[in-house]
């Protein structure tokens, strides 16, 4: 159900989650970006130039883990849609499962030392795969929303639209588009700040927050599906 209220709930919830998970991975796991492929390319370059960095393998493997998350999500969604199933609900559930694995293996890895332990490696790769699923969901199932994990494009768009408004050449949808991108950027930023404080307070258990967000979005999606079904059979 693509109502303005539901779109805002999904956009802010998923953007907060993306900022939160990406920041927690960065703080907890040697500067790993779980949702930011560009950042990981930069970190790989920096690690190659500094042989003393022990996290280079994790950063190398993060890229194929992200790709695997996108690929699995794509195939999973196609299979569900062919059977007429609840694609968004199940795709979000897949992301939730991967994030739960990120949390569990992160807790097992704690305290994270200077070297990357097998538990820490597994945690990081599960977190990165989860955000690959997240990006695929955004592209495949929630195309009406602003991207919830790629803020560079969002900031670029809102600046362009703002300049057009100031120039007096904006079209009728510019203001609405600005607000769509604004709330997504704000939620991502708040999630990033919240994650840094939450990790220092609770460790990897702080990942309960995005898990609860996904649980809430899954419940809301099922409620919408039930409402649509009831309306379809109503006389």
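Label point of residue 81 set 7 angstrom out along Cα-Cβ; within the range 134-171, amide nitrogens under 16 Å from it belong to 134-145.
Once you sort the root eigenvalues of the Cα gyration tensor of the range 4-233 as a ≥ b ≥ c, which label holds: rounded (a/c under 1.5), prolate (a/b larger than b/c) or oblate (the other case)? It is oblate, given that a/c is not under 1.5 and a/b is not larger than b/c. Judged by the gyration tensor of its Cα atoms, with axes a ≥ b ≥ c, the range 162-227 is oblate; a/c meets the 1.5 cut and b/c is at least as large as a/b. Rounded, prolate or oblate: which one fits the range 116-156, using the alpha carbon gyration tensor with axes a ≥ b ≥ c (rounded when a/c is under 1.5, else prolate when a/b beats b/c, else oblate)? Oblate.
Each label was represented as a point 7 Å from its Cα along the Cα-to-Cβ direction; for residue 119 and residue 60 these points are 2.5 nm apart.
Taking the longest Cα principal axis of the chain as reference, the axis of helix 118-140 is set at about 20 degrees. With a Förster radius of 45 Å applied to the beta-carbon distance between residue 72 and residue 170, the computed FRET efficiency rounds to 0.65.
Extension gain for residue 212 to residue 177 (0.36 nm times residue separation, less C-alpha to C-alpha distance): 9.8 nm. For the chain, a Gaussian network of Cα nodes joined below 10 Å ranks 101, 25, 172 by mean-square fluctuation, and the top entry is 172.
Among 200, 134, 36, the largest mean-square fluctuation in a Gaussian network model of the chain (Cα springs under 10 Å) belongs to 200.
Per-residue ellipticity at 222 nm, computed for the chain from helices alone with -39500 (n - 2.57) per DSSP H run of at least four residues, works out to -27500 deg cm²/dmol.
Where a number appears in this text, it was derived from the coordinates with a stated rule and is not lab data. Quantities reported herein were computed from a predicted structural model and do not represent experimental measurements. Note that each Cβ is placed from the backbone with ideal geometry, even for glycine, and that neighbours are counted across all protein chains shown.
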